[in-house]
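Colleague: Let me give you the structure first, and then I'll get to my questions.
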Amino acid sequence: RKSVVRITTGSQALDELLGGGIETLCITEAFGEFRSGKTQLAHTLCVSTQLPIHMHGGNGKVAYIDTEGTFRPERIVPIAERFGMDANAVLDNIIYARAYTYEHQYNLLLGLAAKMAEEPFKLLIVDSVIALFRVDFSGRGELAERQQKLAQMLSRLTKIAEEFNVAVYITNQVIADPGGGMFITDPKKPAGGHVLAHAATIRLMLRKGKGEQRVCKIFDAPNLPEGEAVFQVTSGGIMD
Ligand code: GTP
Ligand code: MG
C-alpha cells in the first residue's frame, strides 16, 4: 500500500488549511483570477517537494508542464536559497516541458509516466490544465468534445497520482458564471464544469488581498473545515 505524503506549501497557515500540505495520490487544483498566486505556488512546490520528509517535503523530483510559458527558472533560485538548498541541484531535479496543444499536453503525460517508473518523482504540475483546451476547442458546438478530451486528460493525471504516489497540482482559470442569479455573490467560477469538479480532490480558490497578500479558501469540500488561509507572495516563494 502506498501512503500519502504531504508537501509543504511554504506557508504554515496554508498547510494547516490543507491538513499538512498538498497530498500525493490525488489532484489539487488552484483557481483564481490573474496574479492570485497559482503559478507562484507552483514555483514554491517545485522546491519544497525536494525537501526531505522530516522537513515536510516529498524527497522527490518534479515534473512541470507549462502551457502558458510562465515558468521562471530564475525564480527557483531565491526559493531554493530560502529553504537552504542548492539552487542548481534543485533545478536539475525539475523536468520541464512546454505544451503547445492539448494533444501535445496529453502526449507529454505519457512520456512522463515512463520517466516516473524509473525515477522517484513526487510532484507533477500542469499550469494551466485547461488553457489549451479553451484555445483548441473554441468553436461553437465543440464543448462536448472538449469535455470528453479534458476528462481523458484528467483521468490520466489521476492514474499518475495513484501509480507513482505523486502529488498532482493543476491550475485553472475562472470564468464568468452565466447563471448569475440574484444570490450569487461571486460571479466567477472555475472553468471545466463537472468534469474538472469531479477529478480534482481538493479545489483551492485563490484571491488577492492587500499588497502581496493572497487568500486561499477550500472550495466545495463538505468534508473539510471551512476557513481561509492568508499567505504572502515573496521572492522566497509562498510564506506566511
Ligand atoms: P495568471 O497565471 O495570470 O492567471 O496568474 P497567477 O495566479 O498564476 O499569478 P502568479 O502566481 O503568476 O502571480 C502572483 C503574484 O506574484 C503577482 O502579483 C506577481 O507580481 C508576484 N510575483 C511574481 N514574481 C515575483 C517575484 O519574483 N517576487 C515577488 N515578491 N513577487 C512576485
Ligand atoms: Mg499563472
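The values are calculated or read from the model by the stated rules, or taken from the named source; none is laboratory data. Quantities reported herein were computed from a predicted structural model and do not represent experimental measurements. Methodologically, a virtual Cβ is constructed for each residue, glycine included, from the backbone with ideal geometry; neighbour enumeration extends over all protein chains shown. These accessible areas exclude ligands, DNA and RNA; they are computed on the full protein's heavy atoms, side chains included. Shrake-Rupley method; radii C 1.70, N 1.55, O 1.52, S 1.80 Å.
Colleague: Aliphatic (A, V, I, L, M) and open to solvent by less than 10 Å² (accessible area, probe 1.4 Å): does that describe Ile65? It would help to see each step written out before you state the result.
Modeller: Values: aliphatic (A, V, I, L, M): yes; open to solvent by less than 10 Å² (accessible area, probe 1.4 Å): yes.
Taking the combined requirement at face value, the residue satisfies it.
Colleague: Could you tell me whether the range 174-187 includes any residue that is open to solvent by less than 20 Å² (accessible area, probe 1.4 Å) and either more than 16 Å from Glu33 (Cα to Cα) or not in a loop (DSSP other than H, G, I, E, B) (or both)? Can you show your working first?
Modeller: In the first step, residues of the range 174-187 are kept if they are open to solvent by less than 20 Å² (accessible area, probe 1.4 Å); the result is none.
No, that holds for no residue.
Colleague: For the range 8-36, name all the residues that are of a type in the set (Asp, Glu), open to solvent by 10 Å² or more (accessible area, probe 1.4 Å) and within 16 Å of ligand 1 (Cβ to nearest atom).
Modeller: Looking only at the range 8-36, we keep the residues that are of a type in the set (Asp, Glu), and these are 15-16, 23, 29, 33.
Within this subset, residues satisfying the condition of being open to solvent by 10 Å² or more (accessible area, probe 1.4 Å) are 15-16, 23, 33.
Across the range 8-36, the qualifying residue is only Glu33.
Colleague: Just to confirm my filter: which helices (runs of 4 or more DSSP H) fall fully inside the range 64-135 and include at least 1 residues that are among the basic types (Lys, Arg)?
Modeller: 73-82, 102-116
Colleague: Looking at (1) under 18 Å from Gly193 (Cα atoms); (2) surrounded by 13 or more Cβ atoms within 10 Å (Cβ to Cβ); (3) polar (S, T, N, Q), which is the only condition Gln148 fails?
Modeller: (2)
Colleague: Kindly evaluate Ile76 against the criterion of being within 16 Å of ligand 2 (Cβ to nearest atom) and without any contact (Cβ under 8 Å) to a residue 40 or more places away in the chain. Break it down stepwise before answering.
Modeller: On the way: within 16 Å of ligand 2 (Cβ to nearest atom): yes; without any contact (Cβ under 8 Å) to a residue 40 or more places away in the chain: yes.
Spelling it out, Ile76 is indeed within 16 Å of ligand 2 (Cβ to nearest atom) and without any contact (Cβ under 8 Å) to a residue 40 or more places away in the chain.
Colleague: Moving on. Mind checking whether some residue in the range 84-91 is in contact with a helix residue (DSSP H, G or I) (Cβ under 6 Å, 6 or more places away or on another chain), within 25 Å of Gly32 (Cα to Cα) and not small (Gly, Ala, Ser)?
Modeller: Within the range 84-91 (the criterion being in contact with a helix residue (DSSP H, G or I) (Cβ under 6 Å, 6 or more places away or on another chain), within 25 Å of Gly32 (Cα to Cα) and not small (Gly, Ala, Ser)), the answer is no, since none of the residues qualifies.
Colleague: Also, I was wondering about something else. Against the definition (hydroxyl-bearing (Ser, Thr, Tyr) and away from ligand 2 (no atom under 15 Å from the Cβ)), how does Thr101 come out, yes or no?
Modeller: Details: hydroxyl-bearing (Ser, Thr, Tyr): yes; away from ligand 2 (no atom under 15 Å from the Cβ): yes.
Yes, satisfied.
Colleague: Oh, and also: Between a first residue in the range 159-171 that is closer than 10 Å to Thr24 by Cα and a second residue that is among the polar types (S, T, N, Q), which pairs have beta carbons less than 6 Å apart while being 6 or more apart in sequence or on different chains?
Modeller: Hits for this filter: Asn165/Thr24; Val166/Thr24; Ala167/Thr24; Tyr169/Thr28.
Per-residue answers, yes or no, for (1) touching a strand residue (DSSP E or B) at 6+ places or on another chain (Cβ under 8 Å); (2) under 24 Å from Thr201 (Cα atoms); (3) not hydroxyl-bearing (Ser, Thr, Tyr):
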residue: Phe31; (1), (2), (3): yes, yes, yes
residue: Ser36; (1), (2), (3): yes, yes, no
residue: Thr44; (1), (2), (3): yes, yes, no
residue: Val47; (1), (2), (3): yes, yes, yes
residue: His54; (1), (2), (3): no, no, yes
residue: Arg82; (1), (2), (3): yes, no, yes
residue: Leu110; (1), (2), (3): no, yes, yes
residue: Glu118; (1), (2), (3): no, no, yes
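Colleague: Same structure, new question: What number of residues in the range 24-54 are near ligand 2 (Cβ under 9 Å from one of its atoms) and outside any loop (DSSP other than H, G, I, E, B)?
Modeller: Start the filter on the range 24-54 by keeping residues that are near ligand 2 (Cβ under 9 Å from one of its atoms), which leaves 34-40, 42.
With outside any loop (DSSP other than H, G, I, E, B) added as a condition, the list becomes 38-40, 42.
So the count comes out to 4.
Colleague: Now for a separate question. Taking the stated definitions as given, is Gly37 farther than 23 Å from Pro190 by Cα and under 18 Å from the mean Cα position of the chain (by Cα)? Don't jump to the end; show me each part of the working.
Modeller: On the way: farther than 23 Å from Pro190 by Cα: no; under 18 Å from the mean Cα position of the chain (by Cα): yes.
Against the criterion (farther than 23 Å from Pro190 by Cα and under 18 Å from the mean Cα position of the chain (by Cα)), Gly37 does not qualify.
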